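Since the structure comes first, as structure tokens, the remarks are kept for the end.
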Amino acid sequence: MGLDITVGIAGWLLSPALLRRPVTTTAGLTLLVALSPAATPPATLGAFQVARQRPFRVAAAVTAAGIAAHAVLGWWRPVTGLPFGWWLVLLTLGYAALIGWGALAQAGTR
């Protein structure tokens, strides 16, 4: 519980930096995801911000790192009631939606 609270506070404190340095901030948040699910909201927001502001290849790399970090988290602290494979499928679909939404938002601003 203490780790989750600490990671949650760190994610909350890092969130404003997503506007200026989305790639590096999301990389840090992604590392925190491997430790605690409390970092999931700011890390996935970071994936969206990267997809909205950077080229697709950068967003794809950030997304792959996010999926890998969540896979580590799911292995270390499994979700009860959902097989690991299905959890990875749902996680990947969620990240795909975020990257697609961010790319669509980027295309709309050009």
* Asked: Which of the residues that make up segment 73-99 are assigned to a helix (DSSP H, G or I) and in contact (Cβ under 8 Å) with a residue 40 or more places away in the chain?
  -> Leu73, Trp76, Gly94, Tyr95, Leu98, Ile99
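Each row is one residue, and each column tells you yes or no for (1) more than 14 Å from the chain's Cα centre (by Cα); (2) within 20 Å of Leu29 (Cα to Cα).
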| position | (1), (2) |
| --- | --- |
| Arg57 | yes, yes |
| Gly66 | no, yes |
| Tyr95 | no, yes |
| Gly108 | yes, no |
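Among Gly46, Gly28, which is the only one that is of a type outside the set (A, V, I, L, M) and either assigned to a loop (DSSP other than H, G, I, E, B) or over 25 Å from Ala107 (Cβ atoms) (or both)?
Working: Gly46 fails: either assigned to a loop (DSSP other than H, G, I, E, B) or over 25 Å from Ala107 (Cβ atoms) (or both).
Exactly one of Gly46, Gly28 is of a type outside the set (A, V, I, L, M) and either assigned to a loop (DSSP other than H, G, I, E, B) or over 25 Å from Ala107 (Cβ atoms) (or both), namely Gly28.
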* Restricted to segment 55-71, and to residues that are among the β-branched types (Val, Ile, Thr) and in contact with a Leu (Cβ under 9 Å, 6 or more places away or on another chain), which residue is surrounded by the most Cβ atoms within 10 Å (Cβ to Cβ)? -> Thr63
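Does segment 36-50 include one or more residues that are on the phi > 0 side of the Ramachandran plot and surrounded by fewer than 21 Cβ atoms within 10 Å (Cβ to Cβ)?
Scanning segment 36-50 turns up no residue that is on the phi > 0 side of the Ramachandran plot and surrounded by fewer than 21 Cβ atoms within 10 Å (Cβ to Cβ).
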* May I ask you to list pairs of residues, at least six apart or on different chains, whose Cβ atoms are under 6 Å apart, with the first in segment 1-18 being closer than 15 Å to Gly46 by Cα and the second being at pLDDT 95 or above and hydroxyl-bearing (Ser, Thr, Tyr)? => Leu14/Thr25; Ala17/Thr25; Leu18/Thr25
* Asked: How many residues does segment 22-31 contain that are buried (at least 22 other Cβ atoms within 10 Å of the Cβ) and either under 10 Å from the mean Cα position of the chain (by Cα) or of a type in the set (Gly, Ala, Ser) (or both)?
  -> 3
* Could you list all residues from segment 85-100 that are farther than 16 Å from Ala51 by Cβ and either out of contact with any helix residue (DSSP H, G or I) (no Cβ under 9 Å at 6 or more places or on another chain) or loosely packed, with under 12 Cβ neighbours inside 10 Å (or both)? => Gly85, Trp86, Val89, Leu90
* Do we find a residue being at pLDDT below 95 and not in a helix (DSSP H, G or I) anywhere in segment 1-10? -> yes
* Asked: Restricting the first residue to segment 37-52 and requiring it to be closer than 16 Å to Gly100 by Cβ, which pairs with a second residue that is in a helix (DSSP H, G or I) and of a type in the set (Phe, Trp, Tyr) meet a Cβ separation below 7 Å and a spacing of at least six or different chains?
  -> Ala47/Tyr95; Phe48/Trp101
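The values are calculated or read from the model by the stated rules, or taken from the named source; none is laboratory data. In this text, all values refer to a predicted model and were calculated from it rather than measured experimentally. We place every Cβ from the backbone using ideal geometry, glycine too, and count neighbours over all the protein chains shown.
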